[in-house]
Amino acid sequence: MEMKVTDGGNGKGGGAMATSLPFPPQYGSELLVIRSGKGVWLQDAAGKKYLDFAGGIAVNALGYGRADLARTAARQMRKLPHISNLFTTEPALELARTILAHQPGRFASVFLGNSGTEANEAALKYARLFAYRTRGAGHSKLLCFSGAFHGRTLGSLSCTPSPKYQDPYAPLLPDVVVAPFNDPAALQNTLTDEFAGVIVEVVQGEGGLAEMTAEFARALNDACARTGAALIADEVQTGMGRTGTFYASDGIGLKPDLVTLAKPLGGGLPLSAVLIPEKINAVIHASDHGTTFGGGPVTTAVAKKVWDTVSQPAFMRHVKEMGDVLGRGLDEVKAACPRKVGELRGKGMLRGFEYTGGEVKDLLDGLRARGMLALRSGTNVIRIAPPLVITEKEIQIGIRILKEALT
């Protein structure tokens, strides 16, 4: 299959310039070339602008063209770009201490990696390590849930129960069990002391934006306390304010042992984190885990700036308010297009709706032609995850474009 790269063009369909693409054919048959961005707006190689309702798949929390982040990265690049984890750097120390100070006493250490899947891999390893060193052999099972997506490396992929993703790479990690999401009875019947860990999302970013119920959160807390399994909250997509609280798990009453962060953490640079409590930190020995590039001085310097910005009470108030605005706007879209818009999903600034009017790709193409970028979640859900700095006016522009594309 020949792949194409297009500049977008100025017509409704785009594609004024197309050339072959020097990447493996895993991202589709055509990729739009984005050249620059400012705030929540992007511009392609032909100069066409797009309202970004995708946020780099919930990565670019602070939007584009941030001079403060650029200065921070450039200043650190001139000092030290990399040193390996045989040593440490001031930016890495400052970031880790800042993360721990956000909720004093809750976590004892932070493992800094590169990506969401690496963070989840590390958390799964820590869960098994904790079980082995505190309970001995025979407690290695891992529990995940229907609709979950935890990454594409083999361990995380093993906890992503979708034949589409898993079948070509079987056999995967052994001792992984899948239970239905939001089913407390099934959880109680499944989880035993044979399990090392449970990994779960509060909002399933790739699984159709299904939301965890408060009842299921309580059941998870109780079941993990009863069995000794480490509870892992995958907050790669929902962490750092995306759903209206700094951690989505806090907003639903989930009490995880380990929390994984990634997408918005590095301000667009590759960085992830696993937040580790004292009971697990106490059993980790030298060389139990490692990473070459994780927690580098440039990425952690930028991440400190991002964290300091997002964690401000005024910023979090803005995110919550804009999440409410977005929710009301989607209510309007559903009322205007009841035959094409099904159930509304998600929370805060991670929202969407079931599209019942045809192929999701056709609607995404229609949005793009009208100057807006959005995402798919699951098979038939439109996912909206704009930069958190978006304004009410910009949300209203997006809602108008949605209505135009649907009607």
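From the list GLY346, GLY329, GLY371, GLY378, the one residue that fits, being at pLDDT below 95, open to solvent by less than 50 Å² (accessible area, probe 1.4 Å) and either touching a Lys or Arg at 6+ places or on another chain (Cβ under 8 Å) or of a type outside the set (D, E, K, R) (or both), is GLY378. As for the stretch 335-357, it holds no residue that is closer than 15 Å to ASN380 by Cβ and in a helix (DSSP H, G or I). Just one residue in the set GLY329, GLY348, GLY357, GLY352 is touching a strand residue (DSSP E or B) at 6+ places or on another chain (Cβ under 6 Å) and more than 19 Å from TYR64 (Cβ to Cβ); that residue is GLY352. Taken as a whole, the condition of being under 20 Å from GLY290 (Cβ atoms), open to solvent by 40 Å² or more (accessible area, probe 1.4 Å), over 18 Å from the mean Cα position of the chain (by Cα) and at pLDDT 95 or above applies to ARG128. Pairing each residue of the stretch 230-243 that is in contact (Cβ under 8 Å) with a residue 40 or more places away in the chain and within 18 Å of ALA122 (Cβ to Cβ) with any residue that is open to solvent by 10 Å² or more (accessible area, probe 1.4 Å) and of a type in the set (Asp, Glu), provided the two are 6+ apart or on different chains, yields C-beta distances under 6 Å for ALA230/ASP257; ASP234/GLU201.
Just one residue in the set GLY155, GLY138, GLY147 is closer than 16 Å to ALA230 by Cβ, open to solvent by 20 Å² or more (accessible area, probe 1.4 Å) and either in a helix (DSSP H, G or I) or among the small types (Gly, Ala, Ser) (or both); that residue is GLY138. Does the stretch 220-270 hold any residues that are among the charged types (D, E, K, R), farther than 28 Å from GLU194 by Cβ and surrounded by 24 or more Cβ atoms within 10 Å (Cβ to Cβ), and which are they? Selection gives ARG242, LYS263. Between LEU100, LEU124, LEU69, LEU86, the distinction of being of a type outside the set (Val, Ile, Thr), assigned to a helix (DSSP H, G or I) and out of contact with any Ser or Thr (no Cβ under 8 Å at 6 or more places or on another chain) belongs to LEU69 only.
The values are calculated or read from the model by the stated rules, or taken from the named source; none is laboratory data. These numbers were taken from a predicted model, which means no experiment stands behind them. Neighbour counts are summed over all protein chains in view; Cβ atoms, including those assigned to glycine, are modelled from backbone coordinates with ideal geometry. Only protein heavy atoms, including side chains, enter the accessible area calculation; ligands, DNA and RNA are left aside. Shrake-Rupley method; radii C 1.70, N 1.55, O 1.52, S 1.80 Å.
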